[in-house]
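Got a structure for you, questions after.
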Amino acid sequence: MSAETPVQSVGTFTRARLGFRKWRGSRPFWAGLLTALGGVPIAYFPYATLKLGTMSVTMSTTAGAGSLIIGVLLVTLGLTMWFQKATRVFAGVAAIILGLVSLVVSNIGGFVIGFLLALLGGAMAVSWVPTKAKPERAEAAPGAGKQDPDGESAVPPAAPAQGDAGAADGPAAPFGAHPPAGEGTADARAYEDQDGGYRVR
């Protein structure tokens, strides 16, 4: 093996990790995982046999087929939340309903474990909302750089700055109408974003 092999493996692992994180963030990943995990105990316990020393305990019930169907449906709904995120609301509501039905069909919802996982996963799927990219703000004002037919600028000139004593030609600006000092500061950006560019105090 060459000296460059560890570097390539680290780079591949990092790319795979970042790609998985991007894929995970674009869909209700944890909701689908919890829903699928909730279907496992619901489908397993009715067919399980526990051995306590020489004694075996069978937990199979007459509704074993119903428990298997509920468990398989929950796993399917969990995968649906991953690969068909447009149907996340339907899948979440269906997971909640199946979790409630499992209380009376499958050994108290897989001893409450599967019930709680299905309920939590369904609620997370219903409440999940895809993130929206923020639109980039224009670098210049809408009327900047435009001129009227006479050749003059269409943007009105800025008001003269007031002195220390507050004396200036023309009427004074109303209280709270001036943006905060510093064009690139966080306060200035917040001033532009609030109420269409007007700060409310």
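The values are calculated or read from the model by the stated rules, or taken from the named source; none is laboratory data. All values reported here derive from a predicted model rather than from experimental measurement. Heavy atoms of the whole protein, side chains included, go into the accessibility calculation; ligands, DNA and RNA do not. Shrake-Rupley method; radii C 1.70, N 1.55, O 1.52, S 1.80 Å.
Provide a single number: the residues in region 30-65 that are at pLDDT 85 or above and open to solvent by less than 30 Å² (accessible area, probe 1.4 Å).
9
Which one of these is of a type in the set (D, E, K, R) and open to solvent by 80 Å² or more (accessible area, probe 1.4 Å): R27, R21, R88?
Values: R27 fails: open to solvent by 80 Å² or more (accessible area, probe 1.4 Å); R88 fails: open to solvent by 80 Å² or more (accessible area, probe 1.4 Å).
When all the criteria are applied, what remains is R21.
Moving to a separate point now. Please count how many residues of region 63-78 are among the hydroxyl-bearing types (S, T, Y) and within 12 Å of G109 (Cα to Cα).
So the count comes out to 1.
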